[in-house]
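One structure is given below, encoded as structure tokens.
The values are calculated or read from the model by the stated rules, or taken from the named source; none is laboratory data. The model shown is predicted, which means the values in this text are computed figures rather than measured ones. Backbone-built Cβ (ideal geometry, glycine too); neighbour counts: all protein chains shown.
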Amino acid sequence: MTFELPDLGYEYDALEPFIDTRTMKIHHTKHHQAYVDKLNNAVKGTEWENKDIKELITNLNKVPEEIRKAVRNHGGGHFNHSMFWKLLKKQVRFEGKIADAIVKKWGSLENFKKEFADAANSRFGSRWAWLVLNKEDELEITSTANQDCPLSEGKQPVIALDVWEHSYYLKYEWRRTEYVDAFFNIINWEKANENYNEALKNK
């Protein structure tokens, strides 16, 4: 199996004005492609080149030490971005089982947004913000450094936000909080609901 760059499923300008066309094109064709290429190089000729990306990240501690760091960084980058692209869409209503679960946990969508934004903005350095289903079968907002993924911690990701500078700097420059706020206008709640249902099944 050779890992491949997935299609976005929409045009690069589909998320304007929240994420600009140039950022989307560079982010997808340059940054994500680089993770795919380096992941393929890392696992080439090993038993791990035929594994599903989710299986790789979930079983990171079983990956040989000599390639573990590359798989963690580039495999995480590939999985995280592949999930992120599918979670972006304009004009999708906040509804479904995931909406009910968020309101039950946080009291309102606005409360959820505030805590999620805090997670996205507060960690130092490059990071991702996540909504996950944790080991106690509860929704949890968290963040990970670099390209680390909650799967490696036994948590099932539901919503992911890339907070690396390359995801926002061309449009928002140093105004990261504006980018995080913009994200709430383009969450694909249909996909989030699908991810939540799948996470529940995997428990």
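Brief remarks on what is shown
- Test: residue in region 93-100 that is without any contact (Cβ under 8 Å) to a residue 12 or more places away in the chain, more than 23 Å from LEU151 (Cβ to Cβ) and surrounded by 14 or more Cβ atoms within 10 Å (Cβ to Cβ): no
- Filter result (among the aromatic types (Phe, Trp, Tyr) and out of contact with any Ser or Thr (no Cβ under 9 Å at 6 or more places or on another chain)) within region 1-33: PHE3, TYR10, PHE18
- Matching residues in region 122-176 - criterion: being among the polar types (S, T, N, Q) and at negative phi: SER122, SER126, ASN134, THR142, SER143, THR144, GLN147, SER152, GLN156, SER167
- HIS28 satisfies every condition listed in (1) surrounded by fewer than 16 Cβ atoms within 10 Å (Cβ to Cβ); (2) under 29 Å from THR177 (Cα atoms); (3) under 17 Å from the mean Cα position of the chain (by Cα) except (1).
- Test result for GLY76, small (Gly, Ala, Ser) and either under 17 Å from LEU5 (Cβ atoms) or in the same structural domain as GLN156 (by TED's automatic domain parsing) (or both): yes
- Selection count where residues are under 24 Å from LYS30 (Cβ atoms) and acidic (Asp, Glu), scope region 159-197: 4
- Within region 64-82, considering residues that are among the hydrophobic types (A, V, I, L, M, F, W, C) and surrounded by 22 or more Cβ atoms within 10 Å (Cβ to Cβ), the one farthest from THR144 (Cα to Cα): VAL71
- Conditions (1) closer than 18 Å to THR58 by Cα; (2) in contact with a Phe, Trp or Tyr (Cβ under 6 Å, 6 or more places away or on another chain); (3) not aliphatic (A, V, I, L, M); number of the one not met by PHE79: (2)
- The sole residue among ASN50, ASN61, ASN40 that is more than 19 Å from the chain's Cα centre (by Cα) and crowded, with 16+ Cβ neighbours inside 10 Å is ASN40.
- Selected residue (criterion: farthest from ALA145 (Cα to Cα)) from residues of region 33-51 that are in contact (Cβ under 8 Å) with a residue 12 or more places away in the chain and outside any helix (DSSP H, G or I): THR46
- Residue in region 65-76 that is in a helix (DSSP H, G or I), touching a strand residue (DSSP E or B) at 6+ places or on another chain (Cβ under 9 Å), under 25 Å from LEU200 (Cβ atoms) and touching a residue at least 40 places away in the same chain (Cβ under 8 Å) present: yes
- Hits in region 112-145 - residues which are farther than 20 Å from GLU178 by Cβ, of a type in the set (D, E, K, R) and in contact with an Asp or Glu (Cβ under 9 Å, 6 or more places away or on another chain): LYS135
- The numbered conditions (1) at pLDDT 95 or above; (2) hydrophobic (A, V, I, L, M, F, W, C); (3) farther than 21 Å from VAL163 by Cα are all true for ALA119 except (3).
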